[in-house]
Amino acid sequence: MPPSDENQDAVDLHLLQGMLDTMSDHVFILRAEGARYRLVYCNPAMDTFMNHSDALLCGRYLDEIVPDPGLCKKISDNYTRVIQAGAPMRYEEDTEGFSTPITIFETTLSPLLGRDGNTTYVCGISRNITARRNAEAALQKTNAILQQQLEENRRLHDQLEQEAIRDPLTNLFNRRYFMESLQRELDRAQRGQYSLTLMMVDLDYFKQLNDQHGHSFGDQVLVEFSQRLAQSMRKEDVVCRWGGEEFLIMMPGLALTDAKCRIMEWQKTHSPMNITGTNKPIEVSFSIGLATAPDHGLLPDDIINAADKALYQAKEKGRNQIRIAGENGRLAP
């Protein structure tokens with residue numbers, strides 16, 4: 001014979017009870033009694049976590065189970081909110097102030113009505129997500145560390161790139177970078193059919209200055225001169241410490257006539273240049289040689305040699321002046 005409805009109900013309740021008893025999630029039911037909530041059911045998982053026997057836990061009011069007034073109100077407010085909403089509600093909560101170590105739960109509450117249609121219950125299921133949240137926090141921490149390492153690697157990469165193309169004393173571009181840039185700019189100038197002018201600068205009597213005032217002061221002179229030189233050039237110009245006290249400046253798109261005017265004005269302002277020494281300001285002058293492409297060559301070595309020869313003429317003729325490659329006339333002091 002098939003089981004009666006009453007027996008079937010008993011079987012179904014037994015299966016439901018078995019399922020609830022084996023669940024690792026916390027399952028609980030509270031009955032609203034005025035402003036208080038009484039626990040009428042909790043499964044073994046919750047009972048074990050709360051460290052109470054079923055006889056002691058069930059039947060007690062929430063404010064008896066959670067003696068801290070602030071924490072109890074926080075919990076009961078969620079129960080009141082779900083009843084007022086008349087719909088399930090999900091949120092996260094933890095056991096701070098109630099038990100240690102702190103456990104994090106994802107709780108789902110649902111409002112229920114009793115068979116009489118008047119009694120209100122709150123059914124809750126709480127899942128322990130502490131391990132998941134800890135893993136997420138650990139992952140975030142690891143990602144943050146990796147991001148810091150990545151940024152540091154980028155910074156070091158950029159620093160190494162700059163060190164590879166910069167002179168360590170003056171922070172101007174070095175000879176290797178200049179030669180690479182010069183070939184590229186000469187090719188562009190030839191395609192675009194515009195001029196490219198080189199200016200080679202040499203500090204006058206720098207060896208004597210080093211001998212008289214020391215290499216530390218000589219370095220100071222190089223640094224200060226480099227700063228003034230770089231500040232006076234255009235953004236597109238490439239300023240290089242060629243070696244020792246020699247500097248080479250590439251000025252793409254600047255014709256020789258325009259370059260002469262600019263450099264003569266700049267020399268009038270800065271040569272001689274006053275550098276503060278140990279006792280008094282020391283005057284430092286410089287000589288300049290100019291050459292331009294295509295007038296003095298189309299290859300890097302040709303135009304550099306032309307500027308170097310012009311510089312040599314400026315120094316041979318008394319220093320502190322400007323000479324143009326292939327010209328004998330003196331342009332300045």
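The values are calculated or read from the model by the stated rules, or taken from the named source; none is laboratory data. On a predicted model such as this, the values are computed, not experimentally measured, just so you know. Cβ coordinates were reconstructed from backbone atoms using ideal geometry, including for glycine residues, and neighbour counts include every protein chain displayed.
Quick look at the numbers
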| quantity | calculated |
| --- | --- |
| Residue match in segment 304-313 (condition: buried (at least 23 other Cβ atoms within 10 Å of the Cβ), modelled with pLDDT of 95 or more and in contact with a helix residue (DSSP H, G or I) (Cβ under 9 Å, 6 or more places away or on another chain)) | no |
| Any hit, segment 90-97, residues being modelled with pLDDT under 90 and more than 51 Å from the chain's Cα centre (by Cα) | no |
| Residue match in segment 31-43 (condition: under 19 Å from residue 128 (Cα atoms) and at pLDDT below 85) | no |
| Given (1) part of a helix (DSSP H, G or I); (2) modelled with pLDDT of 95 or more, index of the condition residue 162 fails | (2) |
| One residue from 250, 273, 233 being farther than 26 Å from residue 176 by Cβ, of a type in the set (A, V, I, L, M, F, W, C) and either assigned by TED's automatic domain parsing to the domain that holds residue 207 or modelled with pLDDT of 90 or more (or both) | 273 |
| Of all residues in segment 62-87 being part of a helix (DSSP H, G or I) and of a type in the set (Asp, Glu), the one that is surrounded by the fewest Cβ atoms within 10 Å (Cβ to Cβ) | 77 |
| Segment 191-244, residues that are under 18 Å from residue 171 (Cβ atoms) and more than 39 Å from the chain's Cα centre (by Cα) | 201, 203 |
| Flag if residue 45 is of a type outside the set (Phe, Trp, Tyr) and surrounded by fewer than 17 Cβ atoms within 10 Å (Cβ to Cβ) | no |
